[in-house]
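First up is the structure itself, then whatever we jot down about it.
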Amino acid sequence: MKTLIDKAMEKPCNLSLDEIERLLSLSSSDDRTSLRKAARALKHRYFGNKVSIRGIIELGNICAKDCYYCGIRKSNRNVERYRLSIAEIERMAETNAALGYKSLVLQGGEIESEENTRFIEETLKALAKFDFGITLSLGEQTKDVYRRWKDAGASRYLLRIETSNRELYSTLHPPSCDWRRRAECLKYLNECGYQTGTGTMSSLPGQTINDLAHDIVFFNESKAVMIGMGPYLSHPDTPLAKCDLISNQDKLERALDMIAVTRLYLHDVNIASTTALEALAADGREQGILAGANVVMPNVTDVTRRKAYQLYSGKPGLDETSLAAKERLDAALAAIGEEIDYATRGDSPRAQGE
Ligand code: SF4
């Protein structure tokens, strides 16, 4: 195992699919600890003890899609739907700036319409005064829409592929959702000049270690410079809720393994320690950093809106103010020898080298 880790640390993409699978299959806690320590050492090689931060604003929970695992899927009648106004978004962006965050993520359900395209364009123009690095996470769109939003001021786009296994993807989505279109959207994003991010879920019903190894290879093939992965967490109002049979501890271990092996394979990309890890353990986000992640994305949406945006149940921080969350995060990171990088927007070295 040590030989394999040493080989991975020499240079990016220095592992075969079989070797990735072997690293994802470690079961002893000593081996897993060694894996995560090596991944954190690589994180330190590229980012030192700095952790990049982006505030997330949840723009709205209206979505045209019906993904079988998602709490805000369009068929869920138990959700009170909302969409923020541009004035509300500006106010939350002011909070983001006041906290010292230089990057912002605008996230919402997937809507393909001229009205929505214009709304996002106008929002981006209204936010230009803050000079944030802005990431959009608004799903599949046409290349023309991606280009318009890039021209309006977005610089990054996160579109999770969810799984690189097309058959598994089809068990998670209705027939109208086409894996190939999603993969094509990632190409469009690269062609439009975004720093493109993608990611997957782990611990999905029916998922194998081989699937996860393919996911990591897919990240490289899709030229992603940001990776946002999370464990599958079920929501009671979804068709897949009854298929969620894996314990929280096992989900956490699997998610941390994915972070560690992705770091060992890709080296210099941004990897998020996502909020979903906190749903599995109070210190889940710190454990993600200790496994090689280098980005955190606290929620800066007003607490009055947060309850309506729950993709999975048990989402943490629903009542915590953005300032309290920042103070808690600063203290938690200091306790593991890390600190927020308040000086930069946190572009990945791989994107800067392009
Ligand atoms: S996962 Fe995304 S696209 Fe699918 S229903 Fe939820 S918000 Fe919509």
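The values are calculated or read from the model by the stated rules, or taken from the named source; none is laboratory data. Computed from a predicted model, the values in this text were never measured in an experiment. Cβ sites come from the backbone with ideal geometry, for glycine too, and all protein chains shown count toward neighbours. Side chains are part of the model used for accessible areas, which takes the heavy atoms of the whole protein and leaves out ligands, DNA and RNA. Shrake-Rupley method; radii C 1.70, N 1.55, O 1.52, S 1.80 Å.
Return yes when residue 89 is touching a Ser or Thr at 6+ places or on another chain (Cβ under 8 Å) and free of Cβ contacts under 8 Å to residues at least 40 places away in the same chain and no when it is not.
On the way: touching a Ser or Thr at 6+ places or on another chain (Cβ under 8 Å): yes; free of Cβ contacts under 8 Å to residues at least 40 places away in the same chain: yes.
For residue 89, the condition - touching a Ser or Thr at 6+ places or on another chain (Cβ under 8 Å) and free of Cβ contacts under 8 Å to residues at least 40 places away in the same chain - is met.
Does residue 235 count as within 14 Å of the ligand (Cβ to nearest atom) and either outside any loop (DSSP other than H, G, I, E, B) or not aliphatic (A, V, I, L, M) (or both)? Spell out how you get there, then give the answer.
Numbers: within 14 Å of the ligand (Cβ to nearest atom): yes; either outside any loop (DSSP other than H, G, I, E, B) or not aliphatic (A, V, I, L, M) (or both): yes.
It is true that residue 235 is within 14 Å of the ligand (Cβ to nearest atom) and either outside any loop (DSSP other than H, G, I, E, B) or not aliphatic (A, V, I, L, M) (or both).
Only one residue in 156, 148 is modelled with pLDDT of 95 or more, more than 16 Å from the ligand (Cβ to nearest atom) and either open to solvent by less than 20 Å² (accessible area, probe 1.4 Å) or under 20 Å from the mean Cα position of the chain (by Cα) (or both), so which one is that?
Values: 148 fails: either open to solvent by less than 20 Å² (accessible area, probe 1.4 Å) or under 20 Å from the mean Cα position of the chain (by Cα) (or both).
From the options 156, 148, the qualifying one is 156.
If you take the residues in the range 39-82 that are in a helix (DSSP H, G or I) and either among the charged types (D, E, K, R) or in contact (Cβ under 8 Å) with a residue 24 or more places away in the chain (or both), which one is most open to solvent (accessible area, probe 1.4 Å)?
Narrowing the range 39-82 to residues in a helix (DSSP H, G or I): 39-47.
Going one step further and asking which of them are either among the charged types (D, E, K, R) or in contact (Cβ under 8 Å) with a residue 24 or more places away in the chain (or both), we end up with 39-43, 45-47.
Values: 39: 0, 40: 49, 41: 48, 42: 0, 43: 0, 45: 128, 46: 77, 47: 34 Å².
Once the filter is applied, the top-ranked residue is 45.
Checking the condition more than 16 Å from the ligand (Cβ to nearest atom) and part of a loop (DSSP other than H, G, I, E, B), which residue from 100, 139 passes?
On the way: 139 fails: more than 16 Å from the ligand (Cβ to nearest atom).
From the options 100, 139, the qualifying one is 100.
For the range 159-193, name all the residues that are of a type in the set (Ser, Thr, Tyr) and open to solvent by 10 Å² or more (accessible area, probe 1.4 Å). Steps first, please.
As a first pass, look at the range 159-193 and keep what is of a type in the set (Ser, Thr, Tyr): 163-164, 169-171, 176, 188.
Across the range 159-193, the qualifying residues are 164, 170, 171, 176, 188.
Please state which one of 112, 122 is surrounded by fewer than 18 Cβ atoms within 10 Å (Cβ to Cβ), more than 9 Å from the ligand (Cβ to nearest atom) and free of Cβ contacts under 8 Å to residues at least 40 places away in the same chain.
Numbers: 112 fails: free of Cβ contacts under 8 Å to residues at least 40 places away in the same chain.
Result: 122 is the single residue among 112, 122 that is surrounded by fewer than 18 Cβ atoms within 10 Å (Cβ to Cβ), more than 9 Å from the ligand (Cβ to nearest atom) and free of Cβ contacts under 8 Å to residues at least 40 places away in the same chain.
Being more than 21 Å from residue 71 (Cβ to Cβ), out of contact with any strand residue (DSSP E or B) (no Cβ under 9 Å at 6 or more places or on another chain) and assigned to a helix (DSSP H, G or I) is the filter here, so list the residues in the range 163-184 that pass it.
166, 167, 180, 181, 183, 184, listed by residue number.
Can you tell me which condition residue 255 does not meet? The list is (1) in contact with a Lys or Arg (Cβ under 9 Å, 6 or more places away or on another chain); (2) under 29 Å from residue 60 (Cβ atoms); (3) aliphatic (A, V, I, L, M); (4) surrounded by 20 or more Cβ atoms within 10 Å (Cβ to Cβ), and all the others hold.
(1)
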